[in-house]
Every structure is written in C-alpha cells, then in structure tokens.
Amino acid sequence: MGFSIDYISLNGSFFSKYLDRKVKFRLMAPGNYRSSEDRFPVLLMNDGQDFRAMGLEKTISESYLNKNSKPFVYVGVEANENRIHEYGTASSGDFKGRGKKALNYSKFIIEEFIPFLKGEFKVSYEHKDWVLAGMSLGGLTAFDIVYNNVHSFSKVGVFSGSFWWRKKAYVKHDYADRSRIILDVIKNGSYHPHLKFWMQVGTLDENADRNNNGIIDAIDDTKDVIKELSLKGYSEPHAIRYVEVENGKHNLATWGKMFPDFIKWAFNYNNE
C-alpha cells in the first residue's frame, strides 16, 4: 500500500524571557519537509490562534500543490490576553497606554523566536526568505517589526492594519495627523531596496471618517502609509501591493479569503 503526505502540522510552545510567558505556536510544512535537503522559506504570522477560523490549513496546503509557488514553512504565533499590550509599535505605546510591551514582543521575535526556529527546524538562514504577516493590530505590529528589522525579513503582509495607532487623541481639522505613530516610524527609518509591502483593506472595514472626506479611516490610514513609504523611496507595484476589497470587512472571513492572494504575492517564483 502506498501513500503520500500532503503536509506536516504540529503545535509547540516556547518560553520567552522578554514576555515572561510561554508562547504557543503552530507550524505547518510541506509533505517533503523531512526528506528535503533544502531549508525552507518562512511565513511567520501574528495572531496564530486564528489559523483555523481563517481556513489557513486548506489555503496553505493548496499552495503547496501550486508549482508556481515556493514551498514554505508557516509558523503562527498565538497571542493571549496580553495582546493589546504586546502588539503595537516598539518605539512607544499609544496615548492610552496600550502597546507598552510591544518592544518586548519585537525582541522576542527577533532575538529569541527566529533563532529558535532556525536551530530547531529546517528553515532558511537568509532574511530574504522570511515574511511576517498580521491582521488588525497584529498587522501594525508586523509592519513595525519588519520595517525596523530589515536584516531579519524581506516582506510583510498587513491585513486591515491598525495604522490609526496614535500618540495623542485625534484633533479635529488636523489634516496632516502626524500623531499616527507609524508615519514617523517610516519617516525616521532608512530605505532598503529589498523590502516589500502587501497591504489589504476592506471598504466595509469600519464606518468612521474622522476628517469627513467621505473615505473611511481604514482606507485613509493605509493610503497615508503608502504615501509615506513612497516618500522614502518605495513604489507601486514593485515594492508595494495595495489590495482594496469591495465589501471587505474587518473580520477573519475577509482576511482568510484574501490569504491566497497574499501567499501568491509572497512566494510566487515570478515575484522574485
């Protein structure tokens, strides 16, 4: 009797000194993982606890069958009740004191977890093969980590990113709105030609329109991030892919539906 393995899946945990807790994770790898002599590219994802709700097992296993897509190892890092404090921007928390452990989370990813993965699993040593993704606040966190750790990653995927994250409350008629922390993170950073950004937002992500311009804040915030990246030297479509989903919502269903597009962008051989 013959059989073949479509993919390998396992659950694990890692104790982080920076977070002072055990971090659970899920790993998924192609069926030839054990027999391959090569090390695999990596898709690291925040909010890994949403793996099943987003239908990622099916999405990723189907991508393994696509000959145009590089086989990769998926690692979903689970968040817990400290999510609102561990996620955010490493440079500072927001004006309500949220995100005060974001720097610790970034250090956990860069200094603890990535070295652990490289030591325990058959994953690439090269930063060009590493991708980080996240949804909502996890998307903002993914962007912030990649932008500030260019020697660890080459691509980032942001689904409905919380780019509204700010150092002070919004002031009416403040059209420049530089209180959004990520804008200054980009401005104060350097241009790195290998970095690429995938950003998705839905037209029904929210109803809020703080500047009353007829465009929801989620779209405005994402497009302002793209403008800031453009000023830094990144351009569409080579370095930036913007995906606006008609009737897309701020939920797992929309993000799961868009994940195949993201994987194709991140790991298609033709996108190198």
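How about the range 237-270: which of its residues are modelled with pLDDT under 95 and open to solvent by 60 Å² or more (accessible area, probe 1.4 Å)?
237, 238, 269, 270 - these are the residues of the range 237-270 that are modelled with pLDDT under 95 and open to solvent by 60 Å² or more (accessible area, probe 1.4 Å).
I need the full set of residues from the range 52-101 which are among the basic types (Lys, Arg), free of Cβ contacts under 8 Å to residues at least 24 places away in the same chain and more than 23 Å from residue 181 (Cα to Cα), in order please.
52, 58, 67
Looking at 137, 195, can you tell me which residue is at pLDDT 95 or above, under 16 Å from residue 234 (Cβ atoms) and in contact with a Phe, Trp or Tyr (Cβ under 9 Å, 6 or more places away or on another chain)?
Exactly one residue qualifies, and that residue is 195.
Considering the range 172-226 alone, what residues qualify as being open to solvent by 20 Å² or more (accessible area, probe 1.4 Å), closer than 27 Å to residue 248 by Cα and not in a loop (DSSP other than H, G, I, E, B)?
Result: 196, 203, 204, 220, 223, 224.
Inspect the range 53-60 for any residue being closer than 18 Å to residue 134 by Cβ, open to solvent by less than 30 Å² (accessible area, probe 1.4 Å) and among the β-branched types (Val, Ile, Thr) and give the result as yes or no.
yes
Of all residues in the range 16-41 being small (Gly, Ala, Ser) and more than 22 Å from the chain's Cα centre (by Cα), which is nearest to residue 52 (Cα to Cα)?
31
Can you name the number of the only condition in (1) under 17 Å from residue 43 (Cβ atoms); (2) in contact with a helix residue (DSSP H, G or I) (Cβ under 7 Å, 6 or more places away or on another chain) that residue 210 fails?
Residue 210 satisfies all of (1) under 17 Å from residue 43 (Cβ atoms); (2) in contact with a helix residue (DSSP H, G or I) (Cβ under 7 Å, 6 or more places away or on another chain) except (1).
For residues that are over 24 Å from residue 47 (Cα atoms) and without any contact (Cβ under 8 Å) to a residue 40 or more places away in the chain, tally how many sit in the range 221-237.
Final tally of qualifying residues: 5.
Consider the range 153-171. How many of its residues are open to solvent by 10 Å² or more (accessible area, probe 1.4 Å) and either out of contact with any Ser or Thr (no Cβ under 9 Å at 6 or more places or on another chain) or of a type in the set (Asp, Glu) (or both)?
So the count comes out to 2.
Kindly establish whether residue 231 is more than 30 Å from residue 58 (Cβ to Cβ), open to solvent by 20 Å² or more (accessible area, probe 1.4 Å), among the hydrophobic types (A, V, I, L, M, F, W, C) and in a helix (DSSP H, G or I).
Yes; evaluated as a whole, the condition is true for this residue.
The values are calculated or read from the model by the stated rules, or taken from the named source; none is laboratory data. What you are looking at is a predicted structure, and each value in this text was computed from that prediction instead of being measured. As a convention, Cβ positions derive from the backbone with ideal geometry for all residues, glycine included, and neighbour counts pool all protein chains shown. Ligands, DNA and RNA are excluded from the accessible area calculation, which covers all protein heavy atoms including side chains. Shrake-Rupley method; radii C 1.70, N 1.55, O 1.52, S 1.80 Å.
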